[in-house]
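The values are calculated or read from the model by the stated rules, or taken from the named source; none is laboratory data. Given the structure is predicted, the values throughout are model-derived calculations rather than measurements. Note that we place each Cβ from the backbone using ideal geometry, even for glycine, and neighbour counts take in every protein chain shown.
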Protein chains: 2
Amino acid sequence: MRFPSGRRLYGLTAAIFAVCTGLAATESAGGGIVLLDHTSTGITATQKSPRVKVTPAPIRCVTLEDGFWKRWMEANRTQGIPALYRQLEDHGVVENFRVVAGLSKGELKGPVFRDSDLYKWMEGAATALESSDDPELRRLLESVIDAVAAAQQPDGYVNTFFVNELSGQRFRNLRDEHELYCAGHMFQAAIAHYRATGSARFLEVAIRFADYLTRTFGPGKIEQPDGHPEVEMALVELYRVTGRREYLDLAAFFLKRQAFGKAGQISGHAVRFAYLMAGLADLYAETGDREARQALLELWEDVASGRVYITGGLGARYAGEAIGERYELPNEGAYSETCAAIANAMWNFRMLGVTGDARYADMMERALYNNVLAGVSLDTTHWFYVNPLACFRDHQRQPWFGCTCCPTNMVRTLAAIPGYLYGRSSEGIWVHLYDTSRLSWALVDGTKVTVRQKTGYPWDGRVELTLDPAEESTFSLFLRVPGWCQAASVTVNGQPFEGRLRDGYLEIRRRWKAGDRVGLELQMPVQLVEADPRVRCNLGSVAVQRGPLVFCAESVDNPGVNLRDLELKARPSLRAAFRPDLLQGVLTLRAKGRDVPPEAPRGPLYRPAGSFSPSWRDVEVTLIPYYAWANRGPSQMVVWMPHAR
Amino acid sequence: MRFPSGRRLYGLTAAIFAVCTGLAATESAGGGIVLLDHTSTGITATQKSPRVKVTPAPIRCVTLEDGFWKRWMEANRTQGIPALYRQLEDHGVVENFRVVAGLSKGELKGPVFRDSDLYKWMEGAATALESSDDPELRRLLESVIDAVAAAQQPDGYVNTFFVNELSGQRFRNLRDEHELYCAGHMFQAAIAHYRATGSARFLEVAIRFADYLTRTFGPGKIEQPDGHPEVEMALVELYRVTGRREYLDLAAFFLKRQAFGKAGQISGHAVRFAYLMAGLADLYAETGDREARQALLELWEDVASGRVYITGGLGARYAGEAIGERYELPNEGAYSETCAAIANAMWNFRMLGVTGDARYADMMERALYNNVLAGVSLDTTHWFYVNPLACFRDHQRQPWFGCTCCPTNMVRTLAAIPGYLYGRSSEGIWVHLYDTSRLSWALVDGTKVTVRQKTGYPWDGRVELTLDPAEESTFSLFLRVPGWCQAASVTVNGQPFEGRLRDGYLEIRRRWKAGDRVGLELQMPVQLVEADPRVRCNLGSVAVQRGPLVFCAESVDNPGVNLRDLELKARPSLRAAFRPDLLQGVLTLRAKGRDVPPEAPRGPLYRPAGSFSPSWRDVEVTLIPYYAWANRGPSQMVVWMPHAR
């Protein structure tokens, strides 16, 4: 198929063209580049990526239905994306491009990486359009592309900061000035736009910029590392879409300058680290680089075993927005930037792709359902940048930040959720995340297959799947058994099935025919969770988890309870109840605990051990999912609670 | 007495002039100002300060002998002060003044508050000279004064940042640009120089600058608060020395703009807060301002009951160098800036002066013996800016910081130690801190009295005092019984004495004659200390304290022990031994504990509560005083240790 440059195809229109049948036809776009079929790629890899074991389903092949994530997606498209666009206009971020293009007169505004915020918004808008057409959003996005394209310099460079008197200062300080980071976000936005529309007009802007970069960076050219990693993922993706090896090589160049032998630097900036790892996983996916593989496995193990919050967050420290030392995981002082949790999910999704190992899906799920979602209000218009696990002063989300990377990262992440659910390999279809949805895709051999999934997940561990292959076909269905789940059972057409567990996926290999039904039951009791005792801040405390969700006690549900004193009883007998009226529908837990009444005498701050016992008072405490806190006005919250054994 | 401006009197020479007999004669200095006798002031108040209950002894009246502090003072004078001067020269901080004065050509260097570092060094040097003459240091200090004086602008203003093209930008951003903070440190340095020498030549520079400030700030002039408090203490002190009310009024103006009703802002910048409080205490000392008194008492109670580290440190957060919320006292992530602990000691010394209540001396002692001393190496040439209470990566002090406020604050603090030991009131003589020393002073009625103190404190709780009043005299000797001490006894001339405990001071009122001996025995067992359970990070943990000293386990004494796993046994049976060879003489403690061997399996980072038990191993652990850690190469350390009850 050939799409003339500038032709626009959106959402449902484009869906007509969606072949969803595996390896893509290539097409020629403007500039003489042969492009991968825009409908054929998942969010991180193509079927051709040599080291990818499980290829993600393209977003257009997944329809979210009435389940957990659909509401978030809809809110994001109808409220979050428009609200954030207004903020971007109000703060001059869009106007900057018009000013640089000479379309408008005004003053350039915002921090040095401001362009990336618009690009992330554009990626989010384009990705949202892939799931649902929205004419107004579509027109808006195209008008923004007009501004960005007009701001491109003749040599391909685009950045609204390094213009006018600073135009000679490009790449003067890669560590701090984020030019390549901005470039990467442009490439990702352009690819998302291409995927959503088939139009290459924004992609051509990105390609011109990328070609400028390949002329500028590399051996014998500028040889510095890129500062804030991000462009690596984007360059690999651009290579996937265009097939042009020089983008992959440039990604490899940046990665090799930064990534290897840096285990000692894992305590540094959380977002930079996780983006670097995600880029490295992309490199490994395309090249099989052994050094990359080794670094990925070692660093992942280090993070997972000692440097990640129970919410999937990364970043113990405000200073340097850094991950910190092993087991340095303060709750009240947690930084746990929303972007870092998003980056953690992105990294783990890539690790999942190249391994097919459910532990990466577990980590991704932990991040998505807890820290990532906590970063945004239920209506998707207010944001947390920092995500503490305990907060004893009234706190609430904000509509904007001077450094607003997290909100714009959120809109693109929520829009991409359908892309995280399903995958395929030469063996069959994989279900990574559970939600009511429909997959309309094909096996690797081209056989079309539809999978309908129905579940109350994450509130309930029952999942029903109906498979409709276009013709009877032998393949495996891989169902993830989450790491939190201690007992799972499966039926096929109502009969118990003893599946094989392979790296955390239950494999059901059989000859499937249309209408075959699979029932999965994941036991989902409330769990008291403890941390490794080296996490000193959690010593003697427990967190409450049910399924993938971490719970918290929020002040608004517990009036009069002193959250800082709150302890759970030895047997807190947690009682669950689904409350459809509350917080757009959440499961709540009630538990027995104790606190100290405000009027009770307290001893000195420091005193001989055992010399003073506070006057405890029994209380009933209500817990809600962590992600849902701070949606009812300013409030306080605690995740880890001391627990009498 | 009349001292011609520019006449220099130092140390032992000046001591000949020391009257040490109470209310000062006044003298006329250059500029027609009547100055207080330079020998008559303590470090924070004069005998005339109306609300001062206990006036501190002038430094020149106190001679430290072979005890705990003398070594620190000597090291500071002979190593720390010269080493820091070299750093100040190497980093252009002295040269800046020569450049501004036109004495040298060069580029101005350093952060906006750089002048304050030189002034703090000058204050330290001058104060050191008050205890010990040192011709080389004396000459050096005078040459630096030459440079500062030469850099003064015709209108009195001095600041090496706001000159040349920035000369029109004075006071453009008081919050961040520290001009008044720098001014305050100049005034304090000039007063210290005047006290040490009787020469008013530097004081005149300060007075000219202060007069510029009184012309510039105040009602109807610039009415902003001063940004980083510090100048308030200095202005009150300048008022004390000169008797000029306008300096006190300007201090009151700045304090009133910032201090009152700010209990809610107590979570902010730790050093700014504590300097503000110290200035407020000075204001109260001179005026009896009731609003000031109320704020001081309330805010002190708030800090002491919930926002101070066991080491006397302030500042839970790197972000904003802030104190943080009540009970937010992370150990590994503690900021606990050295300057904040110094400021805490300064504030509490002033509170002690206006109340005579030992709880302020307790807090001052806690800060001085723990956090303050930890801020400097044993040889006084390397520094910590941040003072964590747990550090699980190798860490060591540095010879300089880009923001080097702490080292220069340390030199002036160590030099001023003699001024913290003794006080007097109309009732008699007060002993605040115990150390082998000699006080040569007078009662308020003018009767000369010498107190000789001999003690092994803080290693040992026995204190012997010999009083030599010039003539038999009835007065009280007030001996502080520290808050950590649960049993104290006293003898007078070998006979048990039942003294009255007044606000933490044991009062011995009698008719004293030359050679009277007092024996004080402070029981000093090793204590396991717990924190209020609302300090979540210390839950289930204990710190080890003996006397005023907090102990820690340092990696260098505990090879092979995993400090992050280290727990103390329920009955750790701590055994004390004084090691004269170690760390210039410290008491060490040995205790039974346990850790997990490195090769032992560990469970997942998060797991169902009780589902995994680590393989514990019994270990013997050695503890040293917290202040002495990191003096034997890079090392790790922990103060709070989990403790099986």
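Return yes or no: is residue B:71 at pLDDT 50 or above, surrounded by fewer than 22 Cβ atoms within 10 Å (Cβ to Cβ) and not in a loop (DSSP other than H, G, I, E, B)? Yes: the conditions hold for residue B:71. Between B:404, B:381, B:408, the distinction of being under 13 Å from residue B:76 (Cβ atoms), away from chain A (no Cβ under 13 Å) and surrounded by 21 or more Cβ atoms within 10 Å (Cβ to Cβ) belongs to B:408 only.
Taking the criterion of being charged (D, E, K, R), part of a loop (DSSP other than H, G, I, E, B) and within 17 Å of residue B:524 (Cα to Cα), the only residue of segment B:443-490 that qualifies is B:460. Scanning segment A:294-322 for residues that are assigned to a helix (DSSP H, G or I), away from chain B (no Cβ under 11 Å), touching a residue at least 12 places away in the same chain (Cβ under 8 Å) and of a type outside the set (Asp, Glu) yields A:295, A:296, A:299, A:300.
Checked against (1) outside any helix (DSSP H, G or I); (2) over 23 Å from residue B:248 (Cβ atoms), residue B:167 passes all but condition (1). Mind checking whether some residue in segment B:74-91 is out of contact with any Pro (no Cβ under 8 Å at 6 or more places or on another chain) and farther than 22 Å from residue B:380 by Cβ? Within segment B:74-91, none of the residues are out of contact with any Pro (no Cβ under 8 Å at 6 or more places or on another chain) and farther than 22 Å from residue B:380 by Cβ. Looking at B:148, B:144, B:112, B:158, just one residue is over 22 Å from the mean Cα position of the chain (by Cα) and at pLDDT below 95, and that residue is B:112. Checked against the criterion of being modelled with pLDDT under 95, in a loop (DSSP other than H, G, I, E, B), within 30 Å of residue B:566 (Cβ to Cβ) and within 12 Å of another protein chain (Cβ to nearest Cβ), segment A:538-558 contains one or more residues that satisfy it. Does residue B:587 satisfy the condition of being aliphatic (A, V, I, L, M) and within 13 Å of chain A (Cβ to nearest Cβ)? It is false that residue B:587 is aliphatic (A, V, I, L, M) and within 13 Å of chain A (Cβ to nearest Cβ).
Select from segment B:178-229 the residues that are charged (D, E, K, R), over 24 Å from the mean Cα position of the chain (by Cα) and over 30 Å from residue B:131 (Cα atoms) and list them in ascending order. B:211, B:215, B:221, B:223 - these are the residues of segment B:178-229 that are charged (D, E, K, R), over 24 Å from the mean Cα position of the chain (by Cα) and over 30 Å from residue B:131 (Cα atoms). Which residue pairs have Cβ atoms closer than 6 Å, lie 6 or more positions apart in sequence or on different chains, and pair a first residue in segment A:362-385 that is in a strand (DSSP E or B) with a second residue that is aromatic (Phe, Trp, Tyr)? Filtered contacts from segment A:362-385: A:376/A:383.
Test residue A:461 against the criterion of being touching a residue at least 24 places away in the same chain (Cβ under 8 Å), farther than 18 Å from residue A:427 by Cα, crowded, with 18+ Cβ neighbours inside 10 Å and touching a Gly at 6+ places or on another chain (Cβ under 9 Å), and give yes or no. Yes: the conditions hold for residue A:461. Is it the case, given these coordinates, that residue A:376 is surrounded by 21 or more Cβ atoms within 10 Å (Cβ to Cβ), at pLDDT 95 or above and within 11 Å of chain B (Cβ to nearest Cβ)? For residue A:376, the condition - surrounded by 21 or more Cβ atoms within 10 Å (Cβ to Cβ), at pLDDT 95 or above and within 11 Å of chain B (Cβ to nearest Cβ) - is not met.
Of the residues that make up segment B:213-232, is at least one surrounded by fewer than 18 Cβ atoms within 10 Å (Cβ to Cβ) and in contact with a Pro (Cβ under 9 Å, 6 or more places away or on another chain)? No.
Does residue B:241 fit the bill of being assigned to a helix (DSSP H, G or I), in contact with a strand residue (DSSP E or B) (Cβ under 7 Å, 6 or more places away or on another chain) and within 20 Å of residue B:46 (Cβ to Cβ)?
Yes.
Annotation: residue B:185 fulfils all but one of (1) in contact with a Lys or Arg (Cβ under 6 Å, 6 or more places away or on another chain); (2) crowded, with 24+ Cβ neighbours inside 10 Å; (3) closer than 19 Å to residue B:215 by Cβ; the unmet one is (3). Among the residues making up segment A:566-579, those that are surrounded by fewer than 22 Cβ atoms within 10 Å (Cβ to Cβ) and either among the hydrophobic types (A, V, I, L, M, F, W, C) or part of a strand (DSSP E or B) (or both) are A:566, A:570, A:574, A:575, A:576, A:577, A:578, A:579.
Looking at segment B:520-534, which of the residues that are closer than 17 Å to residue B:641 by Cα and of a type in the set (A, V, I, L, M, F, W, C) is farthest from the other protein chains (Cβ to nearest Cβ)? My answer is B:526.
If I filter segment A:620-627 for residues that are in a helix (DSSP H, G or I), crowded, with 23+ Cβ neighbours inside 10 Å and either in contact with a strand residue (DSSP E or B) (Cβ under 7 Å, 6 or more places away or on another chain) or not β-branched (Val, Ile, Thr) (or both), do I get at least one hit? Explain how you work it out, then say what you get.
Within segment A:620-627, the first condition is being in a helix (DSSP H, G or I), and the residues that meet it are A:626-627.
Add one more test, that the residue is crowded, with 23+ Cβ neighbours inside 10 Å, and what stays is A:626-627.
If we keep only those that are either in contact with a strand residue (DSSP E or B) (Cβ under 7 Å, 6 or more places away or on another chain) or not β-branched (Val, Ile, Thr) (or both) too, we end up with A:626-627.
For segment A:620-627, residues in a helix (DSSP H, G or I), crowded, with 23+ Cβ neighbours inside 10 Å and either in contact with a strand residue (DSSP E or B) (Cβ under 7 Å, 6 or more places away or on another chain) or not β-branched (Val, Ile, Thr) (or both): present.
Of all residues in segment B:491-524, those being surrounded by 15 or more Cβ atoms within 10 Å (Cβ to Cβ) and outside any strand (DSSP E or B) number 5.
Please enumerate the residues belonging to segment B:323-339 that are at the interface with chain A (Cβ under 10 Å from one of its Cβ atoms) and hydrophobic (A, V, I, L, M, F, W, C). Lay out the reasoning, then the answer.
Initially, segment B:323-339 is screened for residues at the interface with chain A (Cβ under 10 Å from one of its Cβ atoms), giving B:324-335.
The answer is B:329, B:334.
For segment B:119-146, a residue qualifies if it is outside any helix (DSSP H, G or I), closer than 16 Å to residue B:80 by Cβ and of a type in the set (D, E, K, R), and exactly one does: B:134. Yes or no: segment B:133-155 includes at least one residue that is of a type in the set (Ser, Thr, Tyr) and touching an Asp or Glu at 6+ places or on another chain (Cβ under 9 Å). The answer is no; no qualifying residue exists. Checking A:502, A:517 one by one, the residue that is touching a Ser or Thr at 6+ places or on another chain (Cβ under 7 Å) and away from chain B (no Cβ under 14 Å) is A:517 and no other. Contact annotation: residue pairs with Cβ atoms under 6 Å, 6 or more positions apart or on different chains, pairing a residue in segment B:420-436 that is under 13 Å from residue B:358 (Cβ atoms) with a partner that is assigned to a loop (DSSP other than H, G, I, E, B) and modelled with pLDDT of 95 or more, are B:423/B:54; B:430/B:54; B:434/B:457. Taken together, the residues in segment B:627-645 that are within 26 Å of the chain's Cα centre (by Cα), within 14 Å of chain A (Cβ to nearest Cβ) and either on the phi > 0 side of the Ramachandran plot or among the aliphatic types (A, V, I, L, M) (or both) amount to 3.
Set side by side, the residues B:563, B:582 differ, and just one is surrounded by fewer than 23 Cβ atoms within 10 Å (Cβ to Cβ) and within 14 Å of chain A (Cβ to nearest Cβ), which is B:563.
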